[in-house]
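Remarks on the structure that follows.
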Amino acid sequence: MRQGATRRTVVTTGAVALAGACIGCGGDSGGSGGGGSDGEELAKTSDIPEGGGKIFTDRKVVVTQPKKGDFKAFSAVCTHMGCTVATVADGTIDCPCHGSKFRIADGAVAQGPATKPLPPETITVKGNSIRLA
């Protein structure tokens, strides 16, 4: 600490420096980022079956189409023990580890042992392109 500097001066200076370093860190608060304003394209709308969905294991996201033209996205990580979900069938997103199932419309638990829903992810649908937001 330099002579004459008080604790308040040092703390304030540090806070200002930290705030300056974080300018531009904020960005979009929704979903897991794909970068940029349009985000990363995950799929074409035609790739997601109506009444079903598709798992993007590398991005840890599952995109569903509960009814025609209504696309949803959720984390592909099971809320029970952290396994990656493996299938989308019969209106549910299914985890292979302990049998948890989640509804394709809202990620809610359809069958335990999981007790928490799959967290939603933010996507945008523009034309026939589905992108992470």
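Points to keep in mind about this one:
- Residues of type lysines that Lys116 reaches as a straight line, Cα spacing below 25 Å, ignoring anything fewer than 8 places off in the same chain: Lys54, Lys60, Lys67, Lys72, Lys101
- Accessible carbon and sulfur surface of the stretch 42-133 relative to its total accessible area, %, 1.4 Å: 50 percent
The values are calculated or read from the model by the stated rules, or taken from the named source; none is laboratory data. Because the structure is a prediction, the values reported are computed rather than measured. Side chains are part of the model used for accessible areas, which takes the heavy atoms of the whole protein and leaves out ligands, DNA and RNA. Shrake-Rupley method; radii C 1.70, N 1.55, O 1.52, S 1.80 Å.
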